[in-house]
Amino acid sequence: MGACIESKPFVSSSFLAGVLGCSLVLSVQSFYSASDDVVELTPSNFNREVIQSDSLWLIEFYAPWCGHCQNLTPDWKKAATALKGIVKIGAVDADQHKSLGGQYGVRGFPTIKVFGANKNKPEEYQGGRSSQAIVDGAMNALRALVKDRLSGKSGSSGYNKQSGGGSKKDVVELTDDNFDKMVLEGDDVWMVEFFAPWCGHCKNLEPEWAAAAAAVREQTKGKVRLGAVDATVHQAVSSRYGIRGFPTIKIFRKGEEPEDYQGGRSRGDIIERALDMFSENAPAPELLEILNEDILKKTCEDSQLCIIAVLPHILDTGAAGRNGYLEVMMKMSEKYKKKMWGWLWTEAGAQMELESSLGIGGFGYPAMAAINTRKMKFALLRGSFSETGIHEFLRELSVGRGSTATFGGGSMPKIYSVEAWDGKDGQLPVEEDYDLSDVHLDDDFDKDEL
């Protein structure tokens, strides 16, 4: 199943979406029109059309430049017509509306998600891409939804609909008593809304703020938090920051003066700003040695891409040579930290099945591969193992020029448990000396046979 793979989460409106294994399409026009049965969805209508709806939705997140998305378009339209009045079929231009794609963790194109009983947690569509397969998948999802309702499970979205995709519990209630400890003394970045209960604009913001809070908490692992202060009750903290109008949103970073939030008030705008701040403050990802299967699995499953280096044996480079290679990798992980990729390394010969599945095969060290475990695809570094060579390799991937291949065997190879490198030079095995002075040839041995 083809896909254009985004090389990072949506964290900046200025970020150039990248792909692995997808041709760049010059046309940037929308794939769908008002005459189609496919509903075009945007941040302005998504909540009303999808979140507030009791209907089952299949939604395609696409990018106009993605060739696989173009190929899907006629089948998507055909399926929408066949399912009209039964299942809703929608489409989001996730290249234009990056914040909406980011809210639902979209990294590859096309991505299809099923918004069913719990619209706050859509499911990944795993079926085929033909119109018949899409219709079959939609009907299966519909039958499951109806079965849940018959069994007494809620057919609604599974959360307070007024919150529009989040709940008030995701927004931290801040007061005069807890503000300093939670916001000023903590290490997290905070976006704080100062509101008044009687304020109409505050009421309009409430569902957007709640939905954004849920998405931001999940996507930043709690490193960026959204809070709210009732300025009519907690006047001490509100007056400290000169709050005069409602709602007022301020950004707090530890040790810095607060700044006014100047962005839009939709959940997408709020999420995008929060993810930008998260990326700016995030440390470079840790460079880990592949010591066992758990390390590889956790690192690669938590990342869109995993960059894996196979370094020469320690006897071939010594500690200084190996540290030189690791330093190059750490510089690259810092340079590309906003992409939130995983970075791993192993010694040549330690993980032979991994090498074989990547086509490295016991020669050409150091080697490097960028892998996507979800798609079981990888690309190999063809240039030099240097800052320049690796940067060129990753840059080519991010603009869709890198060639990819499928893992040998179609699945992740066996990973062996090995001892961690001790940071020292390698040592050859010490051979035992044998004393043969007391060894005598048998008298019957024919010395002429020597």
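The values are calculated or read from the model by the stated rules, or taken from the named source; none is laboratory data. Here the structure is a predicted model, which is why all the values come from computation and not from measurement. Ideal geometry is used to build each Cβ from the backbone, glycine not excepted, and the neighbour counts take in all protein chains shown. Side chains included, ligands, DNA and RNA excluded: accessible areas come from the protein's heavy atoms. Shrake-Rupley method; radii C 1.70, N 1.55, O 1.52, S 1.80 Å.
As a summary of the residue check, Thr175 satisfies the conditions (1) buried (at least 22 other Cβ atoms within 10 Å of the Cβ); (2) more than 19 Å from Arg48 (Cα to Cα) except for the one numbered (1). Here is the figure for segment 105-124: residues that are open to solvent by 30 Å² or more (accessible area, probe 1.4 Å) and outside any loop (DSSP other than H, G, I, E, B) total 2. Suppose the filter is on the phi > 0 side of the Ramachandran plot and either open to solvent by 10 Å² or more (accessible area, probe 1.4 Å) or touching a Ser or Thr at 6+ places or on another chain (Cβ under 7 Å) (or both); does Gly242 pass it? Criteria met by Gly242. Pairing each residue of segment 62-83 that is without any contact (Cβ under 8 Å) to a residue 40 or more places away in the chain with any residue that is acidic (Asp, Glu), provided the two are 6+ apart or on different chains, yields C-beta distances under 8 Å for Pro64/Asp93; Pro64/Asp95. Scanning segment 209-236 for residues that are acidic (Asp, Glu) and farther than 12 Å from Asp170 by Cβ yields a total of 1. For segment 31-53, the condition of being under 30 Å from Arg265 (Cα atoms), hydrophobic (A, V, I, L, M, F, W, C) and without any contact (Cβ under 8 Å) to a residue 40 or more places away in the chain holds for at least one residue. Note on segment 61-89: among residues that are small (Gly, Ala, Ser) and farther than 18 Å from Gly268 by Cα, the one that is most open to solvent (accessible area, probe 1.4 Å) is Gly85.
Residues checked against (1) touching a strand residue (DSSP E or B) at 6+ places or on another chain (Cβ under 7 Å); (2) farther than 30 Å from Leu100 by Cβ; (3) at pLDDT below 90; (4) among the basic types (Lys, Arg):
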{"position": "Phe278", "(1), (2), (3), (4)": "yes, no, yes, no"}
{"position": "Pro285", "(1), (2), (3), (4)": "yes, no, yes, no"}
{"position": "Asn292", "(1), (2), (3), (4)": "no, yes, no, no"}
{"position": "Ile295", "(1), (2), (3), (4)": "yes, yes, no, no"}
{"position": "Ile314", "(1), (2), (3), (4)": "yes, yes, no, no"}
{"position": "Glu347", "(1), (2), (3), (4)": "yes, yes, no, no"}
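From the list Val224, Val192, the one residue that fits, being touching a strand residue (DSSP E or B) at 6+ places or on another chain (Cβ under 6 Å), open to solvent by less than 10 Å² (accessible area, probe 1.4 Å), at pLDDT below 95 and under 20 Å from Ile271 (Cβ atoms), is Val224.
Hey, among Gly359, Gly349, Gly383, which residue is touching a residue at least 40 places away in the same chain (Cβ under 8 Å) and among the small types (Gly, Ala, Ser)? Going through Gly359, Gly349, Gly383 in turn, the sole match is Gly359. Applying the criterion of being surrounded by 14 or more Cβ atoms within 10 Å (Cβ to Cβ) and in contact with a strand residue (DSSP E or B) (Cβ under 8 Å, 6 or more places away or on another chain) to the residues of segment 254-274, the residue that is farthest from Leu226 (Cα to Cα) is Pro258.
Looking across segment 282-341, just one residue is in contact (Cβ under 8 Å) with a residue 60 or more places away in the chain, within 15 Å of Arg395 (Cα to Cα) and open to solvent by 60 Å² or more (accessible area, probe 1.4 Å), and that is Lys338. For the structure I just gave you, tell me whether Gly102 is part of a strand (DSSP E or B) and either touching a Phe, Trp or Tyr at 6+ places or on another chain (Cβ under 7 Å) or open to solvent by 30 Å² or more (accessible area, probe 1.4 Å) (or both). Considered against the rule, which asks whether it is part of a strand (DSSP E or B) and either touching a Phe, Trp or Tyr at 6+ places or on another chain (Cβ under 7 Å) or open to solvent by 30 Å² or more (accessible area, probe 1.4 Å) (or both), Gly102 comes out as no.
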